[in-house]
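Undergrad: The structure's right below; bear with me while I get my questions together.
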Amino acid sequence: MHPVSNYVISISREFGSGGRLIGKRLAAQLGIPCYDRTIIQKTSEKSGLSPDFIARAEERARSRFHLSIAPVGVGVPAPIGMGVPALAHQGVPVSHQAFFAQAEVIRELADEGPCVIVGRCSDYVLGERPECLKVFVHADMASRVERCVDEYHIPSDDMERRIVQMDKGRANYYNYYTGHIWGDMRRYDLTLNSGMIGVEGAVELIVTLVKARSAQDAQ
């Protein structure tokens, strides 16, 4: 299937909801690239920071409690068009440089043409673009536990607690770097329950929405 529009589809997801798999299958069906963890390597190449450092910076952000700290997304302008060396000269912490470099990579990927981007705060980074379709995938806890055990081969012992921790980490990271609330349905064009409709059902639903948006723009 050829791309039906120039939309960039951003997929945010709860841990264990199958969001990454949905993104990959969606991209395959639309005939467009899917970017997820590969963005770390591209960010490394752009910024000069090592992939390990970028991954560690993300992990630190996920483990913090930022309730008393002003989030990066508030009071710190997004450095569109500014390179990492310029940020360094302005005294921006290296961990923030990593986030800003990643944001620039996401914008560049979107500029290249239609694609699916999984996670990485891409809904925030691309949120002002009319061609960005923002999706949030969630599921009931039982479905997520089952998926983690069956597909990710993670032991079932204490799985529910681990899922809650992973979601909390994603929320910390998103809330800190964007100044918005992770999972707030009003920030997305579509929220769907993969536990109810399954991976293939989710893919078909998103494809339908992409086609509808494309047809609307063609009028």
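Undergrad: Hey, can you tell me all the residues within the stretch 190-219 that are within 18 Å of PHE15 (Cβ to Cβ) and surrounded by fewer than 13 Cβ atoms within 10 Å (Cβ to Cβ)?
TA: MET196
Undergrad: Considering only the stretch 105-124, how many residues are more than 14 Å from THR38 (Cβ to Cβ), open to solvent by 20 Å² or more (accessible area, probe 1.4 Å) and of a type outside the set (Ser, Thr, Tyr)?
TA: So the count comes out to 3.
Undergrad: Scan the stretch 21-38 and report the pairs whose first residue is over 14 Å from ILE206 (Cβ atoms) and modelled with pLDDT of 95 or more and whose second residue is of a type in the set (Gly, Ala, Ser) and surrounded by fewer than 20 Cβ atoms within 10 Å (Cβ to Cβ), with Cβ atoms within less than 9 Å and a gap of 6+ or a chain change.
TA: Pairs found: PRO33/GLY113.
Undergrad: Tell me which of these LEU21 doesn't satisfy, since it passes every other one: (1) out of contact with any strand residue (DSSP E or B) (no Cβ under 6 Å at 6 or more places or on another chain); (2) more than 11 Å from VAL118 (Cα to Cα).
TA: Among (1) out of contact with any strand residue (DSSP E or B) (no Cβ under 6 Å at 6 or more places or on another chain); (2) more than 11 Å from VAL118 (Cα to Cα), LEU21 violates only (2).
Undergrad: Identify, please: which residue in the stretch 158-189 is open to solvent by 30 Å² or more (accessible area, probe 1.4 Å) and more than 24 Å from ARG60 (Cβ to Cβ) and is, among those, farthest from the chain's Cα centre (by Cα)?
TA: GLU160
The values are calculated or read from the model by the stated rules, or taken from the named source; none is laboratory data. Here the structure is a predicted model, which is why all the values come from computation and not from measurement. In this analysis, Cβ positions are derived from the backbone assuming ideal geometry, glycine residues included, and neighbour counts consider all displayed protein chains. Remember, those area values only see protein heavy atoms, side chains included, never the ligands or the DNA or RNA. Shrake-Rupley method; radii C 1.70, N 1.55, O 1.52, S 1.80 Å.
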